[in-house]
Amino acid sequence: MTENALEISGVSKRFGDNLANDNISLSLAKGEIVALLGENGAGKTTLMNILFGHYVPDSGKVSVMGAELPQGKPREAIRAGIGMVHQHFSLAPNLTVLENVITGTQGIWSLATDTKSARKKLIEISKRFGLIVDPDARLGDLSVGEQQRVEILKALYNDAQILVLDEPTAVLTNIEAEQMFSTLKDMAKQGLSLIFISHKLDEVMATADRIFVLRGGKSVAERLVGDTNKSELAELMVGREVKRPVREASKPGNVILNASGVSVVKDGVERLKQADFHVREGEVLGIIGVSGNGQATLAQLLSGTAKRSKGSIALFGDEVGDLSVPDVVELGIGRIPEDRNHEGVIGEMAIWENAILERISEFSKNGLVDRTAGVKFADEVINAFDVRGATPTKRIRLLSGGNMQKLILGRNLLKQPKLLLAAQPARGLDEGAVAAVHERILNARKDGTGVILISEDLDEVLALADRIQAIVGGQLSPSVSAKDADARKMGLMMSGEWDDQEVGDEV
């Protein structure tokens, strides 16, 4: 690893008053894996977007294989052998997997696309990397995890020599992530160079050769993986010691939600099958499963965006019919959606508008939105939940992922919901933001809120949940008490192996 495949030299980039990158330099050797760490908003994604030509730096340069890369030209970056896997998908939901992958690979004057050879190449790559997706499936019909696989496949399809991955395992299970990084390490041995942005320190320590840490737009540390540890890296990222909150023993109260034999059919397919589950006051019920096994449908059902085909649901002691979104809000159910960018906020709207979005009737007078009340509420959320870099009138898309998530959490918890539905609440967040979100969820539990935690992160579920159910193929396992759960037992349950007898409290 003596010859550098990539050199980033003295790069700076400012957006208005925000200095996103401040004189950053970074190198990547042939066959090397470099991890880029930092809090949400530290400047990591901005730096990678400069590398790929999406942004033009105010100063500095990028060189690939010794040749300076033209600035602001993504096609030139691709030609130079750079592949980019974005944290937020850049795919067309109305196209098939194959169409998404080959889009942009044909010249504008091409009379026809050789789909036969393209399909063959895609299938070969899919098998090689264990990222199996139906080439003919419409992207919009795929789960979030499956869409992420397509994003990765699209970059690999273009024969990149330098592969940049922004939170590549955010929607993958631990086993899938291990398999992917194992493959990437093999590719590095063959000369491929990789940069990956991640908040998961275990995978960083297990995969990277070197680690660069950004904080506040500046490069604050460079470490060989053998010369550091997770505690030091977490502290370097946030500038202080980081400790995850610990779930305290508690005694749950009354059952506030009880679902019996609930099924959901969508597009002629039974996505949720005869599901039984319940949650009590002051209790966290964890739903764990591999992406695409029905947890998104379960979240939609409880959010009022999917309808039951059969079964019954009782909320707060009363049986209810099909729920609408206004019903959910009126009943006192808070919601943290799985995809904060597409389901949680409207990027072009102001923070105060997003803060009141789900409760707009509460902030209206005579049919008009009360801006003053909305701004005041947004200020309360920003201050109470430490939403950094936020002002009520700022567009919410300008917030980092972690701060956007804290705003979504805050707009719900300040209203003291009786039940909180948290779907993938810490996905893609840095160590500091994860600790803050987890602390808020446990505080809500302590205050008597019942929480349904839907997550693909086993460590998160084991840390927060009082009882756990696995979901496989739309079916829910019986629940097990957290004190009886471990990684091995939960791994078996996530693969569909479980006893028929429920362990834990009875309804």
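The values are calculated or read from the model by the stated rules, or taken from the named source; none is laboratory data. All of these numbers come straight from a predicted model, not from anything done at the bench. Cβ placement follows ideal geometry from the backbone for every residue including glycine, while neighbour counts extend to all protein chains displayed.
Search the stretch 426-463 for residues being in a loop (DSSP other than H, G, I, E, B) and touching a His at 6+ places or on another chain (Cβ under 8 Å), and hand back the single one that is nearest to ASN412 (Cα to Cα). The residue in question is ALA426.
Looking only at residues in the stretch 472-491 that are surrounded by 12 or more Cβ atoms within 10 Å (Cβ to Cβ), part of a helix (DSSP H, G or I) and among the hydrophobic types (A, V, I, L, M, F, W, C), the one that is modelled with the highest pLDDT is ALA482. The condition of being more than 19 Å from THR297 (Cβ to Cβ) and touching a residue at least 24 places away in the same chain (Cβ under 8 Å) holds for only one of GLY448, GLY474, that being GLY448.
Test VAL345 against the criterion of being within 30 Å of LEU257 (Cα to Cα), among the aliphatic types (A, V, I, L, M) and free of Cβ contacts under 8 Å to residues at least 40 places away in the same chain, and give yes or no. Give the derivation first.
Values: within 30 Å of LEU257 (Cα to Cα): yes; among the aliphatic types (A, V, I, L, M): yes; free of Cβ contacts under 8 Å to residues at least 40 places away in the same chain: no.
For VAL345, the condition - within 30 Å of LEU257 (Cα to Cα), among the aliphatic types (A, V, I, L, M) and free of Cβ contacts under 8 Å to residues at least 40 places away in the same chain - is not met.
Look at (1) β-branched (Val, Ile, Thr); (2) part of a helix (DSSP H, G or I); (3) surrounded by fewer than 16 Cβ atoms within 10 Å (Cβ to Cβ) and you find that VAL375 fails only one, number (3). Within the stretch 258-281, the residues that satisfy the criterion of being crowded, with 19+ Cβ neighbours inside 10 Å and either in contact with an Asp or Glu (Cβ under 8 Å, 6 or more places away or on another chain) or not assigned by TED's automatic domain parsing to the domain that holds ILE333 (or both) are ALA259, VAL262, VAL264, ARG280.
Looking across the stretch 199-233 at every residue that is modelled with pLDDT of 90 or more, among the charged types (D, E, K, R) and buried (at least 17 other Cβ atoms within 10 Å of the Cβ), the one that is farthest from GLY38 (Cα to Cα) is identified as ASP209.
For the stretch 408-422, does any single residue satisfy the condition of being of a type outside the set (S, T, N, Q), assigned to a helix (DSSP H, G or I) and out of contact with any strand residue (DSSP E or B) (no Cβ under 7 Å at 6 or more places or on another chain)? Within the stretch 408-422, one or more residues are of a type outside the set (S, T, N, Q), assigned to a helix (DSSP H, G or I) and out of contact with any strand residue (DSSP E or B) (no Cβ under 7 Å at 6 or more places or on another chain).
Taking the stretch 58-101, which residues are of a type in the set (S, T, N, Q) and assigned to a loop (DSSP other than H, G, I, E, B)? Outline the logic, then answer.
Filtering the stretch 58-101 down to residues of a type in the set (S, T, N, Q) leaves 59, 63, 71, 87, 90, 94, 96, 100.
GLN71, GLN87, SER90, ASN94, listed by residue number.
For ILE468, the requirement of being in a strand (DSSP E or B) and farther than 20 Å from VAL328 by Cα is met.
Looking at GLY140, GLY226 in this structure, which one is of a type in the set (Gly, Ala, Ser), farther than 26 Å from VAL290 by Cα and either more than 20 Å from the chain's Cα centre (by Cα) or not assigned by TED's automatic domain parsing to the domain that holds GLU456 (or both)? Walk me through how you get there before you give the answer.
Numbers: GLY140 fails: farther than 26 Å from VAL290 by Cα.
Testing whether each residue is of a type in the set (Gly, Ala, Ser), farther than 26 Å from VAL290 by Cα and either more than 20 Å from the chain's Cα centre (by Cα) or not assigned by TED's automatic domain parsing to the domain that holds GLU456 (or both) leaves just GLY226.
Among residues of the stretch 1-20 that are in the same structural domain as GLN71 (by TED's automatic domain parsing) and under 12 Å from THR46 (Cα atoms), those with a beta-carbon under 7 Å from a residue that is surrounded by 13 or more Cβ atoms within 10 Å (Cβ to Cβ) and basic (Lys, Arg) at least six positions away or on a different chain give the pairs ALA20/LYS13; ALA20/ARG14.
Given the structure, is ALA177 part of a helix (DSSP H, G or I), outside the structural domain of GLY432 (by TED's automatic domain parsing) and touching a residue at least 40 places away in the same chain (Cβ under 8 Å)?
Values: part of a helix (DSSP H, G or I): yes; outside the structural domain of GLY432 (by TED's automatic domain parsing): yes; touching a residue at least 40 places away in the same chain (Cβ under 8 Å): no.
Considered against the rule, which asks whether it is part of a helix (DSSP H, G or I), outside the structural domain of GLY432 (by TED's automatic domain parsing) and touching a residue at least 40 places away in the same chain (Cβ under 8 Å), ALA177 comes out as no.
Residue count for the stretch 1-51 under the criterion of being outside any strand (DSSP E or B) and closer than 24 Å to SER231 by Cβ: the result is 7. The single condition from (1) among the small types (Gly, Ala, Ser); (2) within 22 Å of the chain's Cα centre (by Cα); (3) modelled with pLDDT of 90 or more that ALA378 fails is (2).
Number of residues in the stretch 244-288 that are hydroxyl-bearing (Ser, Thr, Tyr) and closer than 30 Å to LYS230 by Cβ equals 1. Each residue in the stretch 36-60 was checked for being acidic (Asp, Glu) and buried (at least 22 other Cβ atoms within 10 Å of the Cβ), and 1 of them qualify. Comparison of ALA465, ALA482 shows that the only residue that is over 20 Å from the mean Cα position of the chain (by Cα) and within 30 Å of ARG240 (Cβ to Cβ) is ALA482.
Residue by residue, here is whether (1) at positive phi; (2) touching a residue at least 60 places away in the same chain (Cβ under 8 Å); (3) surrounded by 15 or more Cβ atoms within 10 Å (Cβ to Cβ); (4) outside the structural domain of GLN148 (by TED's automatic domain parsing) holds:
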| position | (1), (2), (3), (4) |
| --- | --- |
| GLU319 | no, no, no, yes |
| VAL328 | no, no, yes, yes |
| ASP339 | no, yes, yes, yes |
| ILE351 | no, no, yes, yes |
| LYS365 | no, no, no, yes |
| PRO392 | no, no, yes, yes |
| GLY401 | no, yes, yes, yes |
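Total residues in the stretch 180-223 satisfying the condition of being without any contact (Cβ under 8 Å) to a residue 24 or more places away in the chain and outside any helix (DSSP H, G or I): the figure is 4.
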